[in-house]
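The values are calculated or read from the model by the stated rules, or taken from the named source; none is laboratory data. Being a predicted model, the structure only gives us computed values, none of them experimental. Cβ: placed from backbone, ideal geometry, glycine included. Neighbour counts: every protein chain shown.
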Amino acid sequence: MTTPDLSFMHPYFLGAYAENDKMVESILLEFFRDHAYWRRNFHPENRPPIPTKAAYREDFNDFVAAMQQELHTLSADLKKSVPFFSPRYLGHMAADLLIPGVLAQMMTILYNPNNVSDDAAPATLQKELDVGQMLAKMVGFNIQQDAGPVGWGHLTSGGTVANYEGLWSLRAVKFYPVSLAEACRDFGFDPEGVGPLKQNLSAYTKWELFNLTIRETHQLMQATLSRLKQDAGKKDFQRFTKMMVSESLECLGMAGFFMKHTELKPPKVIVPISAHYSWEKACKVLGIGHGQLIHLGVDEHMRGDMDHLEEAVKACHSEQQPILCAVGVLGSTEFGSVDPIHRIVEIRDKYKQKGLHLGIHVDGAWGGYMACMFRNEDGTFAAHEECRKDFKYFPHEGTWKAFRAVSEVDSVTIDPHKLGYMPFGCGAFVSRDAGILDFISQEAAYVFDLKDDPLKKPPMQKLRGLGQYIMEGSKPGAAAAAAYISHRVIPLHRKGFGRVLTNSMQSCEYLYDKLYELRSRVSNLVTITIPYTPDSNLICYCINPKRNKYLALMNHFSRKIFNHMKIDPNQPLQGHDFFGSFTSLQKSKLNDHESARILEELGIDVDTFVDAVEDRTKEADHIYMVRHTLMNPWLMHREEGDEYNYLDRFCQFLERSIIMELDPSKRR
Ligand SMILES: *Cc1c(COP(=O)(O)O)cnc(C)c1O
């Protein structure tokens, strides 16, 4: 294969050799000076509180010296950091950062905006909401203010909190109709045919009310409240809103709510076993209980098993067991696998007809940005044939359909600080329907003033008090500036950021093929298997010495291979040629069929894969794998005719490591 032309990316990154240092330095200096002059010119008539002579004093200089010393120590310590920038780093989900993001973030930190509300962030709050719109558009949500549900999004500290918000907002919406019906009963008000309802509100069971969609619930809220406004006086209306608040799940708590509504069972949350552990945390934090998680099995591609999903939904339907949400993973953390989101949407639509509605949240913390590889400049979704042109394997038809279906789910997590190449502290929650804002506001929307009706305010106006609508409070405007500027100069479509990710995917395909070549080359020594063909840019493999049948031994051997590419804080980084990461698959997560498929290919006795290990020399409860994230931009590059292929070199390194571990006398 010919090395692709990467010149378009040359100005994007500081570079593995800090090649762009002068450019970054001069821009940084320009904007630091600009900031200093801004301060100076704010009220130039004021006397500077720090006198010009201050720097002549001894204690002043003592302080500066002490600070510098500490900073030098920090700077020295930081040299132990992981060399994410290097094409020799093939480990976790991190790489070099986009210069526009770094510059915008560093510049903005000096102004220290707090995006909790626009009076603390007059410049950057709007940028955060704009980033939300850009991401919403990238995944295919409508952002036209006058047509259907309007998407919105905001930044979080990371994917974990964005996932919490996915559950939090679905919970706020899905329990609302039950609370509303209860408040109406308390108040002696039984509206007929409000919003999506055909009959009187009191005619509906709690099960039916729980199973409305976000849109239906929003219409129900608006129609009921405006009917009430017409019928009741101001005083009565306020009395009602107080009742509404005290009936809400947010007021009663999960325990109080379900003690009151014994007919309704506590809700389930469905996630595939490949889901990130933040989903367990989310269930704990929200008081849902991680015991309410239904774990879906996975297929031979590590994608959520949709037959299993359908079975689970069917069982819930027949038992009137509420489902809060089904989670689809768009790029799993360990394997990069992409769940068939289109099938989840199909199952949702099918069961909605039968009276069960489940929310869908897509966890695209990792793969969310890949949506821009499918999005044309004009906003349309590119045809499968078109998307395949740059690749040998990618995108699998299911992957393409999955990305296309994201526009039909309720909300999405996307991490700019992962595949967005932004500094850490930048995740995003994106929702298809800004209507959810009325259910999660701290100033509960149903407590609104009769004159100033917040339900009528356009979402973007409400969001000036962003902190009222999100989990976090004070938050960095600098992160918003970073994502905003990056997306402005490298837009989120195929011709923009899509090209950066295309390169990453091509690297993954290349390594995949090369690992297969290596596999044949060393087949007399070891068996290498890649249990899951990559859906995105992660690749994991197992290495088993020839004739070994014990899982424990294979894990031990693979771990020894991994030690050749492990970050060890006590060793100089330069001692290693390459870096990787590892993962393991627990016995409890795999079904027998899948365990057998993987182990038989390796020549491992399936009986040595056990839940409870007795014989540590033979048995194990997990399958250990070496794992690589292929996101460095310079894994294969060409300079004046010379090719620099770190993936070829990596395979040679891996081969040497294998030979060395099999025969220690061959150590260098
Ligand atoms: C990384 C990741 C998360 C968690 O995101 P953080 O930014 O680390 O909080 C959640 N889900 C998936 C699929 C991830 O890859």
Qualifying residues in the range 140-186 (those that are within 16 Å of the ligand (Cβ to nearest atom) and among the aromatic types (Phe, Trp, Tyr)) - the one nearest to ALA275 (Cα to Cα): TYR164
Here are the criteria: (1) surrounded by 15 or more Cβ atoms within 10 Å (Cβ to Cβ); (2) free of Cβ contacts under 8 Å to residues at least 12 places away in the same chain. Tell me which single one ASP663 does not satisfy. (1)
I'd like the full set of residues that are under 23 Å from ALA478 (Cα atoms) and within 16 Å of the ligand (Cβ to nearest atom), limited to the range 69-99. PHE84, MET93, ALA94, ALA95, LEU97
Checking PRO100 against (1) modelled with pLDDT under 95; (2) of a type outside the set (A, V, I, L, M); (3) in contact with a helix residue (DSSP H, G or I) (Cβ under 6 Å, 6 or more places away or on another chain), which test does it fail? (1)
Those residues of the range 447-500 which are acidic (Asp, Glu) and either assigned to a helix (DSSP H, G or I) or modelled with pLDDT of 90 or more (or both), in sequence order: GLU472
Select from the range 578-618 the residues that are in a helix (DSSP H, G or I), basic (Lys, Arg) and touching a residue at least 40 places away in the same chain (Cβ under 8 Å) and write down the one among them that is surrounded by the most Cβ atoms within 10 Å (Cβ to Cβ). LYS589
Is it fair to say SER274 is at pLDDT 95 or above, more than 28 Å from TYR176 (Cα to Cα) and within 10 Å of the ligand (Cβ to nearest atom)? yes
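Condition check ((1) surrounded by 10 or more Cβ atoms within 10 Å (Cβ to Cβ); (2) out of contact with any helix residue (DSSP H, G or I) (no Cβ under 8 Å at 6 or more places or on another chain); (3) at negative phi) across all residues:
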| site | (1), (2), (3) |
| --- | --- |
| PRO4 | yes, no, yes |
| SER7 | no, yes, yes |
| TYR17 | yes, yes, yes |
| VAL24 | yes, no, yes |
| ARG33 | yes, yes, yes |
| ALA36 | yes, yes, yes |
| ARG40 | yes, yes, yes |
| GLU45 | no, yes, yes |
Subset of the range 558-579, residues closer than 22 Å to ASP77 by Cα and not charged (D, E, K, R), comes to MET565, ILE567, PRO569, ASN570, GLN571, PRO572, LEU573, GLN574, GLY575, HIS576, PHE578, PHE579
Being free of Cβ contacts under 8 Å to residues at least 24 places away in the same chain and of a type outside the set (Lys, Arg) is the filter here; which residues of the range 275-288 pass it? TYR277, GLU280
Could you check, for the range 348-361, whether at least one of its residues is within 16 Å of the ligand (Cβ to nearest atom), assigned to a helix (DSSP H, G or I) and under 24 Å from PRO266 (Cβ atoms)? no
Cβ pairs under 8 Å, 6+ apart or interchain, first in the range 536-563 and without any contact (Cβ under 8 Å) to a residue 60 or more places away in the chain, second crowded, with 18+ Cβ neighbours inside 10 Å, ordered by first then second residue, are LYS546/VAL526; LYS546/THR527; ASN548/MET554; ASN548/PHE557; ASN548/ILE604; LYS549/ILE604; LYS549/THR608
Tell me, which strands (runs of 3 or more DSSP E) lie completely within the range 253-337 with 3 or more residues that are more than 27 Å from PRO531 (Cβ to Cβ)? 323-329
Show the residue pairs meeting these rules: Cβ distance below 7 Å; 6+ apart or different chains; first residue within the range 158-175 and assigned by TED's automatic domain parsing to the domain that holds ILE270; second residue hydroxyl-bearing (Ser, Thr, Tyr) and near the ligand (Cβ under 7 Å from one of its atoms). GLY159/SER278; GLY159/THR413; THR160/SER278; ALA162/THR413; ASN163/SER278; ASN163/THR413; GLY166/THR413
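This table checks each residue for (1) more than 23 Å from LEU212 (Cβ to Cβ); (2) within 16 Å of the ligand (Cβ to nearest atom); (3) surrounded by 15 or more Cβ atoms within 10 Å (Cβ to Cβ); (4) more than 18 Å from the chain's Cα centre (by Cα).
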site	(1), (2), (3), (4)
VAL327	no, yes, yes, no
GLU334	yes, yes, yes, no
SER337	yes, yes, yes, no
VAL345	no, no, yes, yes
GLY367	yes, yes, yes, no
GLY379	yes, no, no, yes
GLU386	yes, no, no, yes
GLY398	yes, no, yes, yes
